[in-house]
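Data block below; observations after.
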Amino acid sequence: MEQKWPQDIWLVRHGQSSGNVARDAAEAAAGHLIDIAERDVDVPLSDLGVQQSHALGDWFASLPDHKRPNVVLHSPYVRAAETARIIIKAIGRDNLMTVQVDERLREKEFGILDRLTTHGISHKYPELYEQRQHVGKFYFRPPGGESWCDVILRLRSVLDTITREYCKERVLIVGHQVTVNCFRYLFERLDEARILDIDRAGDVPNCSATSYSFDRTLGKRGKLVLQTANFVAPLLETGTPITVQKDIPAAPKA
């Protein structure tokens, strides 16, 4: 049976952003609003996020040619695009078959909860806060925003593109914490309880890599098999600080 999947897939969360830093400061001060002037789409990497991206890019560049990514797909959000550009420069643009910006890889949309901290959500929208606690983050959709299910729905169409255009290739996807976890839900055939257990166990580190390789011996047409989850060795090896921070806005764990 013909292989439909890429040979390898890496899921990478962008490097630390200035939004991550501002969110931590607001939460520490028990503030209601995260102090960010830009739209979420325009939030750039922090200086540390740039350093993290270089560390990961150098690690990818050190891989043998036949193991290195040759397709890069990334979110249009500035922090993800900057992370991807740094990695692409390290690998060498001429060594890549395709670089593609894909809006379906964007951050989860938070709607009216955008830029609010946990304190801000409970203070400004107590009914929504209670509803979210009851429904859980997997299904809760804030007005104007998305649930995890909404993100998963758009990522299913990304999988159609990947299997149609990049089978047998080595695909690097640079996105966000929620997109990493939602891809895991799809690749590993998880359910709500299992993916939320993974999410509850810890946030996805900035510039970590979760990777899969295709095994043709599994199932009727072969399957993607998890190789690493939240892999941060490239940062550790270079002494680059590891950051494990929530995306904005903050929300309590389901």
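The values are calculated or read from the model by the stated rules, or taken from the named source; none is laboratory data. Values in this document were obtained by computation on a predicted structure and should not be read as measured data. Here Cβ is always computed from backbone atoms with ideal geometry, including for glycine, and neighbour counts include all displayed protein chains. Remember, those area values only see protein heavy atoms, side chains included, never the ligands or the DNA or RNA. Shrake-Rupley method; radii C 1.70, N 1.55, O 1.52, S 1.80 Å.
For the reader, a short list of remarks on this structure follows.
- Per-region count, region 76-105, residues among the polar types (S, T, N, Q) and open to solvent by less than 20 Å² (accessible area, probe 1.4 Å): 1
- Filtered residues of region 64-75 (kept if under 24 Å from THR161 (Cβ atoms) and either open to solvent by 50 Å² or more (accessible area, probe 1.4 Å) or assigned to a helix (DSSP H, G or I) (or both)): HIS66, LYS67
- Of all residues in region 85-118, those satisfying the criterion of being among the basic types (Lys, Arg) and part of a helix (DSSP H, G or I) are ARG85, LYS89, ARG93, ARG104.
- Condition met for LYS108 (closer than 27 Å to LEU56 by Cβ and either open to solvent by 70 Å² or more (accessible area, probe 1.4 Å) or basic (Lys, Arg) (or both)): yes
- Residues within region 148-157 that are buried (at least 19 other Cβ atoms within 10 Å of the Cβ) and out of contact with any Ser or Thr (no Cβ under 8 Å at 6 or more places or on another chain), tallied: 2
- PRO142 fulfils the conditions (1) in contact with a strand residue (DSSP E or B) (Cβ under 7 Å, 6 or more places away or on another chain); (2) surrounded by fewer than 19 Cβ atoms within 10 Å (Cβ to Cβ); (3) of a type outside the set (Asp, Glu); (4) assigned to a loop (DSSP other than H, G, I, E, B) except for a single criterion, (2).
- When region 114-139 is filtered for residues that are surrounded by fewer than 16 Cβ atoms within 10 Å (Cβ to Cβ), farther than 22 Å from GLU188 by Cα and not polar (S, T, N, Q), the ones remaining, listed by number, are HIS123, LYS124, PRO126, GLU127, GLU130, HIS134, VAL135.
- Unique residue being at pLDDT 95 or above, in contact with a His (Cβ under 7 Å, 6 or more places away or on another chain) and among the β-branched types (Val, Ile, Thr) when the list is VAL225, VAL180, VAL174, VAL232: VAL174
- Any pair with Cβ under 9 angstrom, 6 or more apart, that starts in region 75-96 at a residue that is more than 19 Å from THR179 (Cβ to Cβ) and ends at one that is at pLDDT below 95: ASN95/ASP65
- Taking each residue of region 219-231 that is under 19 Å from TRP59 (Cβ atoms) and open to solvent by 50 Å² or more (accessible area, probe 1.4 Å) and looking for partners that are in a strand (DSSP E or B) and of a type in the set (A, V, I, L, M, F, W, C) with beta-carbon atoms closer than 6 Å, six or more apart or interchain, yields PHE231/ALA209.
- Verdict on ARG200 being surrounded by fewer than 19 Cβ atoms within 10 Å (Cβ to Cβ), farther than 22 Å from VAL99 by Cα and over 16 Å from the mean Cα position of the chain (by Cα): no
- Contacts under 8 angstrom Cβ, first residue in region 153-172 being among the hydroxyl-bearing types (Ser, Thr, Tyr), partner open to solvent by 50 Å² or more (accessible area, probe 1.4 Å) and not in a helix (DSSP H, G or I), 6 or more apart: THR163/LYS4
- When ALA61 is tested against (1) modelled with pLDDT under 95; (2) open to solvent by less than 40 Å² (accessible area, probe 1.4 Å); (3) more than 20 Å from the chain's Cα centre (by Cα), exactly one condition is not met: (1).
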